[in-house]
Amino acid sequence: MTETVLKVNNLSASYRKNTVLHDVNFQINQGTLTGIVGPNGAGKSTLIKTLLQLHPTLTGTVDFFGLPFKAAQQVIGYVPQRGSVDWDFPTNALDVVLMGLYGRIGWLKLPNRSHKQMAMEKLEKMGMAAYADRQISQLSGGQQQRVFLARALVQDADFYFMDEPLAGVDAATERAIMAILKELKEQGKTVMVVHHDLQTVADYYDHVLFLNKTVVAHGDTTSIFTKENIARTYGGNMRWTLKEEESHVVHSQ
Amino acid sequence: MTYTVWIVLTAVLVGLSCSLIGVFLILRKMAMMADAISHTVLLGIVVAFLITKEISGPHMLIGAIIAGLVTALLVQWLHQFDIEQHASIGIVFTTLFAIGVILIATSVGNAHLDVQHALMGEITFIPWDTITLPFVGKVPVATAMLSLVLVIVIVSIIAFYKEWKITSFDPALAASLGIPVVFMHYLFMSLVSITTVASFDAVGAIMVVAMLITPAASAYLWTDKLSIMLLLSALFGVTSAIVGYYVAAWLDTSISASMAFATGIFFLISFLGSPKHGLISKYNRIAS
């Protein structure tokens, strides 16, 4: 029997006076890999931030593993958008990965050798060991995203939220990241990913959540990822994407 | 000790504490906030004086912390109503500073507080206003206060080193890890406030901004490592203070202005000559 690890009830949130999310209801089962898709301004990032209490909740409840967020915080990992940080910050790749352990290291202590060892292992896993000492502004977009992924892995969380981890990365990095996500899923971890490329949704995710200010559709990719649901989520102006989607299907067969 | 030694020591203490705090002002992109707090602490000092009728030591520090926190809170509050961050900083600090100026002119009268002094500082008068401390003996009040603030600043930076780092680099991740980002923000604002108020007597509200921002901005150009950036910033701050003093003595001009000018010269040298981010090395890289 699969266990429900996230229950969202009647969630709503706003930026200033504009409501960006309303009546959001869904449940996530353990070991699923869910792609969150929707048009620009649909509230995808806001949804993640609201779930993680980085953005104020107007109404509704969120349960992780049957607990409120604060009680489950230690087993939840978050990968913010790459563009949300200043890559000119004076630090190197290894240091950024170590930050994933800061919550666990505790007050008044600095990372020790075993922490560095753990961070180094994760960098290696992402194919970034050679860049450990590299100043982060000197990494390519794909390499920066790999560092962010390594930082998430070192947290060893049970539930990961990732905000557009594939945005602006090279093909090799995209494959590496997807391989890691599949591996996390096989380990029984749950992952939710904000995704922007409709053409790859069916290949990458076993579950899909269509979002446009509220949940339009959510469930198994095979039954839910349909043209009708895409049209309902994106509205009328998505004809070209649908066409591309069809041509993509033709190509791959 | 001679007056010169006290003045140089005071200047060095200003340079040290300001340049260390300044590193995080730059990395948190809050340079403008330093400008704001350096002015609003005046209101804090005046109000503290009106309540306690004393103008030294802990009263001033507490008044400054409250003024700094009120400034940060008001800026945040205005920002919520769709007013742009820098506009809200501009509105809040000028208003609070104006209240301070009005209070000085009307209520404080002939006490040792005047607007000229608050803006420009007067480091040459510092050796005359002394207190007697246990073990140390007679020490200028401003020097004693700066030493205390420097200790607080260094201890806070070392004790919360990784928290400063992560909340400056990636506050969203920090919050998701359970690190109290908001508390760290206001703690930092308190540190800026006490540093500013302690430096007030020596260099005044305007020049303190130069000491806070410029050494750190120069250090940023030389290194890619936070710990080295802190050390370099401190070095630039101290050297500017010493060079500033002797230039002022030589030209017989304002010490605080010379110190601020020295920080500007350090920045110019860094901006042109730094091997990593300097203009000359950039030009050479394009040419080659």
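The values are calculated or read from the model by the stated rules, or taken from the named source; none is laboratory data. Keep in mind that this is a model prediction, so the values were computed, not measured. Glycine also receives a Cβ, built like all others from the backbone with ideal geometry; neighbour counts cover every protein chain displayed. Ligands, DNA and RNA are excluded from the accessible area calculation, which covers all protein heavy atoms including side chains. Shrake-Rupley method; radii C 1.70, N 1.55, O 1.52, S 1.80 Å.
Let me have the 222 nm mean residue ellipticity of chain B computed from DSSP H runs of 4+ only, each contributing -39500 (n - 2.57), with the sum over all residues rounded to the nearest 500. Walk me through the intermediate numbers first.
Working: 12 runs with 225 residues, N = 288.
Rounded to the nearest 500, it is -26500 deg cm²/dmol.
Per residue of chain A, what 222 nm ellipticity follows from adding -39500 (n - 2.57) for every DSSP H run with n ≥ 4, rounded to the nearest 500?
On the way: 11 runs with 100 residues, N = 253.
That calculation yields -11000 deg cm²/dmol at 222 nm.
Enter the buried accessible area of the A/B pair, total of both sides, probe 1.4 Å, in Å² rounded to the nearest 100. Don't jump to the answer; show the numbers that get you there.
On the way: alone 12930 and 13810 Å², together 24060 Å².
In total, this chain pair buries about 2700 Å².
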GNM top mover of B:PRO215, B:PRO275, B:PRO134 - chain B, alpha-carbon springs below 10 Å: B:PRO134
For A:VAL96, what is the net charge nearby, where nearby means another residue's Cβ is under 14 Å from its Cβ and Lys, Arg count +1, Asp, Glu -1? +3
Using a 1.4 angstrom probe, figure out how much accessible area chain A has per residue, in square angstrom, rounded to the nearest whole. 46
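What accessible area per residue comes out for the stretch B:3-206, rounded to a whole number of Å², with a 1.4 Å probe?
On the way: 8130 Å² over 204 residues.
Per-residue accessible area for the stretch B:3-206 comes out at 40 Å².
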For chain B, what is the relative contact order in percent, using Cα pairs closer than 8 Å and at least 6 residues apart in sequence? 30
Of B:GLY204, B:GLY178, B:GLY264, which is the most mobile in a GNM of chain B whose springs link Cα atoms less than 10 angstrom apart? B:GLY178
In the stretch B:3-206, what percent of the accessible surface is made up of carbon and sulfur (1.4 Å probe, ligands and nucleic acids excluded)? 74
Based on the Cα gyration tensor of chain A, what are the three equivalent ellipsoid semi-axes, each the root of five times an eigenvalue, rounded to whole Å and given largest first? 30, 23, 17
Give me the distance between the Cα centres of the stretch A:120-175 and the stretch A:18-66, rounded to whole Å. 24
Heavy atoms of A:ARG134 accessible to a 1.4 Å probe, total area in Å² rounded to 10: 90
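Give the average, rounded to an integer, of partner chain Cβ atoms located within 10 angstrom of each Cβ in B:223-229. Before the final figure, lay out the partial values.
Numbers: counts 2, 11, 5, 5, 1, 1, 2.
Across B:223-229, the average partner-chain Cβ count within 10 Å equals 4.
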In the stretch B:3-206, taking the dipole from +1 charges on Lys and Arg beta carbons and -1 charges on Asp and Glu beta carbons about the Cα centre, the listed residue (B:PRO127, B:ALA174, B:ALA48) farthest towards the positive end is B:ALA174
Please grab the % of Cα pairs in the stretch A:101-184 that end up more than 14 Å from each other. 65
In whole Å, how far is the Cα centre of the stretch B:1-47 from that of the stretch B:65-131? 14
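What fraction of the DSSP beta bridges in chain A is antiparallel, stated in percent and rounded to the nearest 5? Present the calculation step by step, with values, prior to reporting the outcome.
Values: 20 of 37 bridges.
If we restrict to bridges inside chain A, about 55 percent are antiparallel.
Based on the alpha-carbon set only, what is the convex hull volume of chain B divided per residue, in Å³?
On the way: hull volume 44.0 nm³, N = 288.
It comes to 153 Å³ per residue, whole-number rounded.
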Let me check the size of the stretch B:1-155 from its C-alpha atoms; what are the radius of gyration and Dmax in Å? 16.7, 55
So how do A:ASP63, B:ASP252, A:ASP156 rank on accessible area, 1.4 Å probe, biggest first, that is with the largest at the start? B:ASP252, A:ASP156, A:ASP63
Per the Kirkwood formula over distinct C-alpha pairs, the hydrodynamic radius of the stretch B:93-248 in angstrom is 17.9
Below 18 Å, Cα to Cα, which lysines can A:LYS70 reach? Residues fewer than 8 away in the same chain don't count. A:LYS7, A:LYS49
Given springs between every Cα pair under 10 Å in a Gaussian network model of chain A, which of A:ASN212, A:ASN92, A:ASN40 has the largest fluctuation? A:ASN40
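Given Cβ point charges of +1 (Lys, Arg) and -1 (Asp, Glu) and nothing else, what value in debye, to the nearest 20, does the dipole of the stretch B:3-206 about its Cα centre take?
Working: 6 positive and 10 negative charges, 74 e Å.
Approximately 360 debye in magnitude.
If you count, for every residue in B:159-171, the Cβ atoms of partner chains within 10 Å of its Cβ, what is the mean? Before the final figure, lay out the partial values.
Numbers: counts 2, 2, 3, 12, 3, 0, 8, 8, 1, 4, 10, 10, 4.
That average works out to 5.
How charged is the neighbourhood of B:THR195? Take every other residue with its Cβ under 14 Å from the Cβ of B:THR195, and add Lys/Arg as +1 and Asp/Glu as -1. If you can, show how the numbers build up before the last one.
Numbers: positive: none; negative: B:ASP35, B:ASP201.
Here the count lands on -2.
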Please report the Cα spread of the stretch A:20-135 along all three principal axes, rounded to whole Å, starting with the longest. 46, 31, 28
Per the Kirkwood treatment, what hydrodynamic radius in Å, one decimal, follows for the stretch B:39-111 from the mean inverse distance over all distinct Cα pairs? 12.6
Towards the positive end of the charge dipole of the stretch A:65-122, with charges on Cβ (+1 Lys, Arg; -1 Asp, Glu), say which of A:ASN92, A:LEU67, A:MET120 has the farthest Cα. A:LEU67
For chain B, with +1 on Lys and Arg beta carbons and -1 on Asp and Glu, the positive-most of B:ALA198, B:VAL209, B:ILE26 along the dipole: B:ILE26
Taking the Cβ of A:GLY31 as the center, what net charge do the other residues with Cβ under 14 Å away carry, scoring Lys and Arg +1 and Asp and Glu -1? -3
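What translational diffusion coefficient, in µm²/s and rounded to a whole number, does the Stokes-Einstein relation yield for the protein assembly as shown at 20 °C and a viscosity of 1.002 mPa s, taking the hydrodynamic radius as the Kirkwood radius over Cα pairs?
Working: Rh = 26.0 Å.
In µm²/s, the coefficient rounds to 82.
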What part of the accessible area of chain A, given as a whole %, is carbon or sulfur when the probe is 1.4 angstrom? 48
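Report, in order of residue number, the helices in chain B meeting two criteria: a C-alpha extent of 20 Å or more along the helix axis, and a mean Kyte-Doolittle hydropathy of at least 1.6; treat each whole DSSP H run as one helix. Intermediate values should be presented prior to the final figure.
Details: long enough: B:3-27 (36 Å, 2.34); B:31-52 (32 Å, 1.91); B:58-80 (33 Å, 1.34); B:85-103 (27 Å, 1.76); B:141-159 (27 Å, 2.92); B:181-222 (28 Å, 1.65); B:226-251 (36 Å, 1.88); B:255-273 (27 Å, 1.88).
Once both thresholds are applied, what remains is B:3-27, B:31-52, B:85-103, B:141-159, B:181-222, B:226-251, B:255-273.
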